[in-house]
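The structure under discussion appears below in the form of structure tokens.
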Amino acid sequence: MGGIARTDRCDIAIAGGGPAGALAAILLQRAGARVALVDAGTGTDRLEGAAPRLVAALRAQRIGIAGLGPLLPRRARWGDLAEVPNREHALRRPAFDAGLRAQAADEGVHLVAGTVRRVSPGRIEIVDRPSITAGLVFEARGRRAPAGPAHLRGPASITIGGWGAPCDGAEVVAGAHGWRWSIGADGPSWRQATLSARALRTGLAEAWGRLWDLPLPQDPHVHASELRLTAPDLDPALPRLGDAAVAMDPLSGHGLFWALASALQAVPLARALFDGAAQLAGDFYRDRVAGTFWRQARVGRDFYRLANLDTPFWTERRGWPDDLAAETPAPETVRITPRVIVRDGRLARAEVLVTPQEPDGVAFVHDVEIAPILSRLGAAPLPDRADFAARILPHVPPDRAGRVHDWLTSRGIATADRPLHKEVLQ
């Protein structure tokens, strides 16, 4: 793997073989690292919702999707969203996780079946097995990972889940004491209730009954489920992936997608850390991890507000974390600004384009880096499509250059009515 000094040990070891850890192991192994993945291979047998975009993203990375069920309609009884249609796949866990670990092993990852006792820089201690040492260790044990000193968390929530009678499709319902979700097709359904952690004071069955007019499932699974920012800053000796960095509120439906996005960061992060570029890696990590937390916190707040309920559960959550907009406000001008980007699998300080349509910035359009194009254009108007392809992007196939031209045209770039502003690159 470019940028990683090979040793007699494995190059990289990952503690935790859930989606983030297993996906990262596959991608790091493909990038040329020697990877060890440590996981006990246990997990709650349950169904989870998987959005079509998650399935498409996994397939784009050539990742098998064990346990994937049909695409089901999802009904909502949630204030103003009651009539908004949606769909999601029923995904069987832990079959999905086991499939990822099996693929990792097939692709050359050294899979170690064992319970992690302790994780420290360069070392994973395993119960009743020899420790694993590596040039770099990733922490990917989800909510079981210890929190950092600057961690943040939303209002304390718990989710109770279990198997029930078959149901048709998926449904999410807002109730006075929280919200419930169910999904199923061709067999038992998975039902769960999310409530304030204080609901457990009266017992599990009573808490369940606040949202379901059904008996408490046998062998119910109970876990904390509030949004958590476990480690807002990168520890360059022990970087984190997935829920070990940011643990999602299940309301967002973003958990598995975040695991994939986090795993995609593993290769450029590892290369930067082995290259000694800890500051670059830290800026990249903070932007994505802390940014994801605040965005999800505010999106969740807005979604809780849409339920239009005034009970303590909802009042507490519709006021957290603040009243700032969930999305970056659209800028009044088109501008170039400095960011850390991923270029050819490596981190780099570069310039991105910020537009009203892309307030968070865009570095690439149709796989073409956009800021250098604008530098070549300068203050001149955008040439016509053919001239743009021949003169500005001669190294790019004409049809792709034309699509870039169309995108720039749609943004009004470098025209008299939308001048381009440039911020200082730090």
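The values are calculated or read from the model by the stated rules, or taken from the named source; none is laboratory data. Just so you know, these numbers come straight off a predicted model, no measurement behind them. No Cβ is skipped: glycine too gets one built from the backbone with ideal geometry, and neighbour counts run over all protein chains shown. The protein model used for the area step is the full one, side chains on, heavy atoms only, and it has no ligands, DNA or RNA in it. Shrake-Rupley method; radii C 1.70, N 1.55, O 1.52, S 1.80 Å.
Starting from 0.36 nm per residue, how many nanometres of slack lie between Ala205 and Arg46 once their C-alpha separation is accounted for? Don't skip to the answer; put the middle values down first.
Working: separation 159, 0.36 × 159 = 57.24 nm, distance 1.93 nm.
Extra length from Ala205 to Arg46 when fully extended: 55.3 nm.
Looking at the range 1-117, what % of its DSSP beta bridges pair antiparallel, to the nearest 5?
Bridges in the range 1-117 are about 55 percent antiparallel.
Relative to the current alpha-carbon distance between Ala82 and Asp287, full extension at 0.36 nm per residue lengthens the span by 70.4 nm.
What are the residues whose amide H is under 5 Å from the amide H of Ser131, where those residues sit 5 or more places off or on another chain and H is modelled from the backbone? Placed amide hydrogens put Ile126 under 5 Å from Ser131. In terms of its C-alpha gyration tensor, the range 214-353 has an oblate overall shape, because the principal axis ratio a/c (a ≥ b ≥ c, square roots of the eigenvalues) is not below 1.5 and a/b does not outweigh b/c. Taken per residue, the accessible surface of the range 335-406 reaches 48 Å², heavy atoms only and a 1.4 Å probe.
Rounded, prolate or oblate for the range 273-357? Axes are the square roots of the Cα gyration tensor eigenvalues, ordered a ≥ b ≥ c, and the cut-off for rounded is a/c under 1.5.
oblate
Taking every alpha-carbon pair within the range 1-117, the share separated by more than 24 Å comes to 37 percent. By DSSP, the beta bridges lying fully in the chain are antiparallel in about 75 percent of cases.
On full extension of the chain, what length is gained from Ala386 through Ser252, given 0.36 nm per residue of separation minus the C-alpha to C-alpha distance?
Stretched out fully, the Ala386 to Ser252 stretch lengthens by 43.8 nm.
Shown for the chain are the DSSP H helices of 15 Å or more along their axis, judged by Cα atoms, with a mean Kyte-Doolittle hydropathy of at least -1.0: 19-30, 95-106, 255-274, 278-306.
Phi-derived couplings, Karplus 6.51 cos²θ - 1.76 cosθ + 1.60 at θ = phi - 60°, listed residue by residue for the range 392-397: 8, 10, x, 8, 10, x Hz, with x used for Gly and Pro. Close amide-amide hydrogen proximity is noted between Asn86 and Arg74, each under 5 Å apart and 5 or more residues distant or on a separate chain (H modeled in the peptide plane; Pro and chain starts excluded). Per residue, how much accessible area does the range 283-328 have with a 1.4 Å probe, in Å²? Counting only protein heavy atoms, the per-residue value for the range 283-328 is 49 Å². Per residue, the accessible area of the range 162-282 comes to 38 Å², computed with a 1.4 Å probe over protein heavy atoms only.
Close amide H partners of Ala277, meaning residues 5 or more places away or on another chain with modelled amide H under 5 Å apart, do not exist here.
Per the Debye formula on identical point scatterers at the alpha carbon atoms of the range 181-224, with no solvent, log10 I(q)/I(0) at q = 0.30, 0.31 Å⁻¹ is -1.29, -1.34. Normalise the Debye intensity by I(0) for the chain, one equal point scatterer per Cα, no solvent, then take log10 at q = 0.11, 0.12, 0.14 Å⁻¹ and round to two decimals. The Cα Debye sum returns log10 ratios of -0.95, -1.10, -1.34.
Within the accessible area of the chain, the carbon and sulfur atoms contribute 52%, probe 1.4 Å, all protein chains present.
Spin-label model, Thr333/Ala102: points 7 Å from Cα along the beta carbon direction are separated by 5.7 nm. Counting only protein heavy atoms and using a 1.4 Å probe, the accessible area of Asp39 comes to about 20 Å². Phi angles across the range 168-184 convert, under the Karplus curve 6.51 cos²θ - 1.76 cosθ + 1.60 with θ = phi - 60°, into 3J(HN,Hα) values of 9, x, 10, 8, 10, 9, 8, x, 4, 9, x, 9, 10, 9, 9, 7, x Hz, Gly and Pro given as x. With θ taken as phi - 60° and the Karplus curve 6.51 cos²θ - 1.76 cosθ + 1.60 applied, the whole-hertz 3J(HN,Hα) list for the range 188-198 is x, 9, 9, 10, 8, 10, 10, 9, 4, 4, 5 Hz, x standing for glycine and proline.
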